[in-house]
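Peer 1: Handing you this structure, nothing more for now.
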């Protein structure tokens with residue numbers, strides 16, 4: 001029996017990876033603990049070399065987003081533009097108004113795409129996920145977010 005437990009622990013990462021590949025896409029917006037948090041894992045922020053510790057509550061998800069599009073920014077790089085639903089527009093405006101000077105992490109499938117500092121209330125119904133994305137990465141992420149949006153509408 002002891003050997004079965006060891007085998008289960010050894011195989012768990014492989015089984016988890018296989019399950020994630022089959023799992024529906026997940027989009028989440030979560031606040032970052034201001035100065036890290038004892039006992040909370042540090043997650044890498046894509047393309048930055050930095051890490052963040054996230055608060056447990058998911059404040060917004062794919063139900064708040066209408067569409068995501070990859071496009072070129074003014075510096076020639078690529079980013080993902082989000083357009084929120086009417087309810088998502090209000091929720092994002094309220095969220096950003098309450099959390100000025102806090103960092104907000106945007107996650108897709110558990111990976112932190114971006115964790116910018118909120119500088120002001122954002123009420124226009126749009127947001128941008130900026131980062132060091134190639135065209136292919138930005139398109140793949142936008143597609144994955146749109147898949148999450150479609151799943152949330154089911």
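Peer 1: Take segment 75-94 and flag every residue that is part of a loop (DSSP other than H, G, I, E, B) and exposed (fewer than 15 other Cβ atoms within 10 Å of the Cβ). Before you say what the answer is, go through the steps one by one.
Peer 2: Going through segment 75-94, the residues part of a loop (DSSP other than H, G, I, E, B) turn out to be 75-77, 85.
If the condition is that a residue be part of a loop (DSSP other than H, G, I, E, B) and exposed (fewer than 15 other Cβ atoms within 10 Å of the Cβ), then 75, 76, 77 are the ones that fit.
Peer 1: Do we find that residue 145 is in contact (Cβ under 8 Å) with a residue 60 or more places away in the chain and assigned to a strand (DSSP E or B) in this structure? Give the steps one after another, and end with the answer.
Peer 2: Working: in contact (Cβ under 8 Å) with a residue 60 or more places away in the chain: yes; assigned to a strand (DSSP E or B): no.
In short, no.
Peer 1: Working only within segment 112-133, note down all residues that are assigned to a strand (DSSP E or B) and in contact with a strand residue (DSSP E or B) (Cβ under 8 Å, 6 or more places away or on another chain). Walk me through how you get there before you give the answer.
Peer 2: The initial filter retains those residues of segment 112-133 that are assigned to a strand (DSSP E or B), namely 112-114, 117, 126-133.
Passing the criteria: 112, 113, 114, 117, 126, 127, 128, 129, 130, 131, 133.
Peer 1: Quick check on this structure: which one of 66, 105, 70, 97 is out of contact with any helix residue (DSSP H, G or I) (no Cβ under 6 Å at 6 or more places or on another chain), more than 30 Å from residue 38 (Cβ to Cβ) and not in a loop (DSSP other than H, G, I, E, B)? It would help to see each step written out before you state the result.
Peer 2: Values: 105 fails: more than 30 Å from residue 38 (Cβ to Cβ); 70 fails: out of contact with any helix residue (DSSP H, G or I) (no Cβ under 6 Å at 6 or more places or on another chain); 97 fails: more than 30 Å from residue 38 (Cβ to Cβ).
So the residue among 66, 105, 70, 97 that is out of contact with any helix residue (DSSP H, G or I) (no Cβ under 6 Å at 6 or more places or on another chain), more than 30 Å from residue 38 (Cβ to Cβ) and not in a loop (DSSP other than H, G, I, E, B) is 66.
Peer 1: State whether one or more residues within segment 30-45 are crowded, with 18+ Cβ neighbours inside 10 Å, in a helix (DSSP H, G or I) and either at positive phi or in contact with a strand residue (DSSP E or B) (Cβ under 8 Å, 6 or more places away or on another chain) (or both).
Peer 2: No, that holds for no residue.
Peer 1: Listed residues 112, 100; which is free of Cβ contacts under 8 Å to residues at least 40 places away in the same chain and closer than 25 Å to residue 40 by Cα? Quick ask: steps written out before the conclusion?
Peer 2: Working: 112 fails: free of Cβ contacts under 8 Å to residues at least 40 places away in the same chain.
Of 112, 100, the one residue that is free of Cβ contacts under 8 Å to residues at least 40 places away in the same chain and closer than 25 Å to residue 40 by Cα is 100.
Peer 1: Turning to a different aspect of this structure: Of the residues in segment 58-74, how many are out of contact with any strand residue (DSSP E or B) (no Cβ under 8 Å at 6 or more places or on another chain) and either surrounded by 14 or more Cβ atoms within 10 Å (Cβ to Cβ) or under 14 Å from residue 145 (Cα atoms) (or both)?
Peer 2: The initial filter retains those residues of segment 58-74 that are out of contact with any strand residue (DSSP E or B) (no Cβ under 8 Å at 6 or more places or on another chain), namely 63, 74.
Next, from what is left, pick out any that are either surrounded by 14 or more Cβ atoms within 10 Å (Cβ to Cβ) or under 14 Å from residue 145 (Cα atoms) (or both): 63.
Counting residues in segment 58-74 that are out of contact with any strand residue (DSSP E or B) (no Cβ under 8 Å at 6 or more places or on another chain) and either surrounded by 14 or more Cβ atoms within 10 Å (Cβ to Cβ) or under 14 Å from residue 145 (Cα atoms) (or both) gives 1.
Peer 1: Where residues in segment 117-129 are surrounded by fewer than 17 Cβ atoms within 10 Å (Cβ to Cβ) and closer than 18 Å to residue 28 by Cα, which of them is nearest to the chain's Cα centre (by Cα)?
Peer 2: Of the residues in segment 117-129, the ones surrounded by fewer than 17 Cβ atoms within 10 Å (Cβ to Cβ) are 117, 119-121, 123-126, 128.
This time we only want the ones that are closer than 18 Å to residue 28 by Cα, so: 117, 125-126, 128.
Numbers: 117: 14, 125: 17, 126: 15, 128: 12 Å.
Checked segment 117-129; the qualifying residue nearest to the chain's Cα centre (by Cα) is 128.
A short reminder: the numbers here are calculations on the coordinates, not readings from a lab. All values reported here derive from a predicted model rather than from experimental measurement. All Cβ positions, glycine included, derive from the backbone under ideal geometry; neighbour counts span all protein chains shown.
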